[in-house]
Amino acid sequence: MASVLVTGASRGIGRATAIHLAHRGWQVFAGVRRSQDGAHLAAVAGVTPLPLDITDLDQVSALRDHLPARLDAVVNNAGTVVGAPLEAVPIEQLRRQLDVNVVGQIAVAQAVIPLLRASAGRMVFVSSVNGRIAAPMLGPYCASKFALEAAADALRMELRPWGIRVSIIEPAQTATDMWDTAEAAADEMESAMTPEQRVLYAGHIAGFRAMIPSSQKAAVPADVVARLIEKALSDRRPKARYVPGMAARLQIAVVSTLPAGVADRLLRKAFGQP
């Protein structure tokens, strides 16, 4: 039975992936931050929950004590979203965004690479279309995903001599808790601004709020992404990048071929920006 570590398995794509892979016969080690999430996953046959905050280096260092001697794959999925105009984002939130979405991912990779080297295993990073397309009001998140993709590309080349294959998953809007709490996140973003910034960015914030319902409707189920992750883990010749859903593929294709000025106008309109 093949074994896999899935980080960020408490909810969303990580939870869907852990359950899907277990149903497909994988031995799944599911990293969760909260004990109650682990209790729910423990009820799924084939899933072993592990306490794992990827920003806690002690927990990351102890990972190998909880994993089998042979590990076939890791799905680096844990992540968070900070939305705000870059002028107004609190620096501690920006650091947190990069710590979770980039530094923590690399820390986990460093911890498990010796195991993957022994098995010539697979490493999958869950990124986003925003790893290739920057969007207004999501600058911190986009910066983290651009950085994550650069790290994954470097690892793919560096680890090739040992047969470790590295792939990136680039979903667009996905039906996860992030969109369920988007309104609350917008409230938090606005409350962190100075009174002057709230006036200056009033149109940006209103446009961002107006975009939330359409994004919720366009979101693909997390199970769709989970199935593509399984494909990245099982393909004989895995691709460098997998993009789930026609909408995500279309976004990348259109924005990458347009002049920057035209793409900027389209993205500003899509995000309701002045």
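Can you tell me which residue in segment 156-184 is modelled with the highest pLDDT, limited to those that are surrounded by fewer than 18 Cβ atoms within 10 Å (Cβ to Cβ) and within 20 Å of Gly79 (Cα to Cα)?
Ala184
Could you check how many residues of segment 143-155 are over 12 Å from Arg241 (Cβ atoms) and surrounded by fewer than 22 Cβ atoms within 10 Å (Cβ to Cβ)?
Residues meeting the conditions: 7.
Out of all the residues in segment 229-241, which are in contact with a strand residue (DSSP E or B) (Cβ under 8 Å, 6 or more places away or on another chain) and surrounded by fewer than 20 Cβ atoms within 10 Å (Cβ to Cβ)?
Hits for segment 229-241 are Lys231, Pro238, Lys239, Ala240, Arg241.
Checking Met211 against (1) over 26 Å from Ser119 (Cα atoms); (2) modelled with pLDDT of 90 or more; (3) in contact with a Phe, Trp or Tyr (Cβ under 6 Å, 6 or more places away or on another chain); (4) not polar (S, T, N, Q), which test does it fail?
Answer for Met211: the failing condition is (2).
Just checking, does segment 257-271 include any residue being out of contact with any Gly (no Cβ under 8 Å at 6 or more places or on another chain) and surrounded by 19 or more Cβ atoms within 10 Å (Cβ to Cβ)?
no
So, in segment 199-210, exactly how many residues are within 9 Å of Ala88 (Cβ to Cβ) and without any contact (Cβ under 8 Å) to a residue 60 or more places away in the chain?
Number of matching residues: 1.
In segment 74-96, how many residues are modelled with pLDDT under 95, outside any loop (DSSP other than H, G, I, E, B) and surrounded by 24 or more Cβ atoms within 10 Å (Cβ to Cβ)?
1
Would you point out which residue out of Leu50, Leu21, Leu71 is part of a helix (DSSP H, G or I) and either of a type outside the set (S, T, N, Q) or touching a residue at least 60 places away in the same chain (Cβ under 8 Å) (or both)?
Every option except Leu21 fails the conditions.
The values are calculated or read from the model by the stated rules, or taken from the named source; none is laboratory data. Predicted model only: the values in this text are computed from it and were never measured. Because the Cβ atoms are built from the backbone with ideal geometry, glycine has one as well, and the counts that use them run over all protein chains shown.
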